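The values are calculated or read from the model by the stated rules, or taken from the named source; none is laboratory data. Since we're looking at a predicted model, the values are computed, not measured. When we count neighbours, we look across all protein chains shown, and the Cβ atoms used for this are built from the backbone with ideal geometry, even at glycine. Heavy atoms of the whole protein, side chains included, go into the accessibility calculation; ligands, DNA and RNA do not. Shrake-Rupley method; radii C 1.70, N 1.55, O 1.52, S 1.80 Å.
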Amino acid sequence: MPTSPGNRRALLKLVTAAALATTAVALPGATRASAAATPDGFASVDALGQNSTTGGAGGAVVTATTTAQLLDYIARPQPLVVQVKGTITLPTGNSDGMHDVASDKTIVGLGPDARLVGGGLNIGVPVNDDVTTPPANAVHNIIIRNLSITGATDDLLNVQMFSHHIWIDHNDFSNGDDGAVDIKRGSDFVTVSWNRFHDHDKTLLLGHDDDNGAQDVGRLRVTYHHNYFDGSDQRNPRVRFGESVHVYNNYYRDNSYGVASTMNAGVVLEGNYFHSVNNPGRVDFSGDLGRMVARDNVLVDCNHRIEVRGSVVEPRTYYAYTLDRAADVPTTVPAGAGVGRV
C-alpha cells in the first residue's frame, strides 16, 4: 500500500533520528540528546525537494581541531557531520572573514567550549541580483549546533541566495561587526532556536533591502523560537517581505526594540516575554508598513505596546507546534538556550 505524505514525513524523522543517534555513540563529548534531536518549525517542512533538515546525516563523522581542517570539511560536496573541537580562528583573508558552507552539512561543537572566532560562516552561493528563482545549486540542508561564534569582522552567520532548510540551534552569538544571523535574498525554510545573543548590536536581519522584493516575496519563511536576546540591542529580528515569520517563546531582556515588520512582511508574535524593551514590536518603522499578529505576550517595564496590523498566514498552515506559557519563558529560556545545554 502506498505510504501517505504524513507517514513518509514521520518515517523520515525516525530514520534521521536513528542515524544521528548512531553517530552520537561515536562522538566523544557530544550528548545523545544533541545528536538525536530533529528540527522543528520551518526547517522541518517538506518543500523544495528537501524532506525536513537532516544536515550531514548518513555521511562520515569528522573532527576539526584546526582552521585548515574546518575549512576543508565544510566545503566538501558530500554529506558530513563536522565536529568542532576547541577554539578555531577563521581568517579574514580576501573573504572579509566569511567562509562558505556546502550543502548537506552538520557543524556541531563538541562540549561547551567549541568556538569559532575572528570570522563567520556563509551559507549560500554568490550574490546575483538577476537570479529571482531558486537556482539548481542553491545551498541547502545545513545544521549548525552547539557553537560559540564571536568576533567576526562581518556577519557571524549569513544565509543568502535561496538557501533553504537551515537549522540554527543552541548556539552562542556575540561581538560580530555586522549581523549575528542574517537571512536574505530569497532564503527559505529556516529555524533559529534556543540560541543566546549577547554583546551584539544588529542581531537578526531577515530581508536586507526594501528593493529586493523580486527575490524575497513569497519566501523568507523563518521560525524564531526559545532564543535569549540577552541585551542584544536591535533587529531581534528586523523583517522585510517574509511571510509567515513565526516568533514565539523568546525571552527579550534590555533591548531597544524586539521585532520590526516592514515591507508588507507578515509576522506572528506569540508567547514571548519582553522585559525592559523600549519597542517590543513595530510595524511603522522604516519603508512600507508591515503586518503583525500578536497574542499571549508578556510586557514588563516596556515603554511602548506591540504594534499590530492586518492578518498573517498562520504558521500552523505549515507545521504543528506547542506553545509554552509566556510567564515561564524567563526561567526556561535562559536555562536552556546557548551552548552546552543539549
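Annotations for the structure displayed:
- Computed extension length for Thr317-Asp113: 69.6 nm, one decimal, from 0.36 nm per residue of separation with the Cα-Cα distance subtracted.
- Ordering 127-138, 46-57 by mean Cβ neighbour count within 10 Å, with the highest value first, yields 46-57, 127-138.
- Of the DSSP H helices in the chain, those whose Cα atoms cover at least 15 Å axially and whose Kyte score averages 0.5 or more: 5-25
- Percent carbon-and-sulfur accessible area, the stretch 220-291, ignoring ligands, DNA and RNA, probe 1.4 Å: 31
- Excluding ligands, DNA and RNA, the accessible surface per residue across the chain is 38 Å² with a 1.4 Å probe.
- Positive-end residue of Ser232, Val333, Asn255, charge dipole of the chain with Cβ unit charges: Val333
- Rounded to the nearest 20 debye, dipole of the chain from Cβ charges on Lys, Arg, Asp, Glu: 1100
- By average C-beta atoms within 10 angstrom, highest first, the peptides 65-71, 288-294: 288-294, 65-71
- Rounded to the nearest 20, the Cβ-based charge dipole of the stretch 139-246 about its Cα centre (Lys and Arg +1, Asp and Glu -1) stands at 400 debye.
- Computed over protein heavy atoms with a 1.4 angstrom probe, the accessible surface ordering of Met263, Met161, largest first, is Met263, Met161.
- Taking label points 7 Å from Cα along the Cα-to-Cβ direction, Ser286 and Asn137 give a separation of 3.3 nm.
- Relative contact order (%) - criterion: Cα under 8 Å, at least six apart; region: the stretch 200-329: 21
- Relative contact order for the stretch 174-266: 28 percent, from Cα pairs under 8 Å spaced at least 6 residues apart, divided by residue count.
- Projected label points at Gln78 and Asp199, each 7 Å from Cα along the beta carbon direction, are separated by 3.9 nanometres.
- Of [x] 56, 47, 42; [y] 53, 50, 45; [z] 65, 46, 39, the label for Cα extents along the principal axes in Å derived from the coordinates: [y]
- Sorted peptide list for 181-187, 92-98, criterion being average Cβ within 10 angstrom, highest first: 181-187, 92-98
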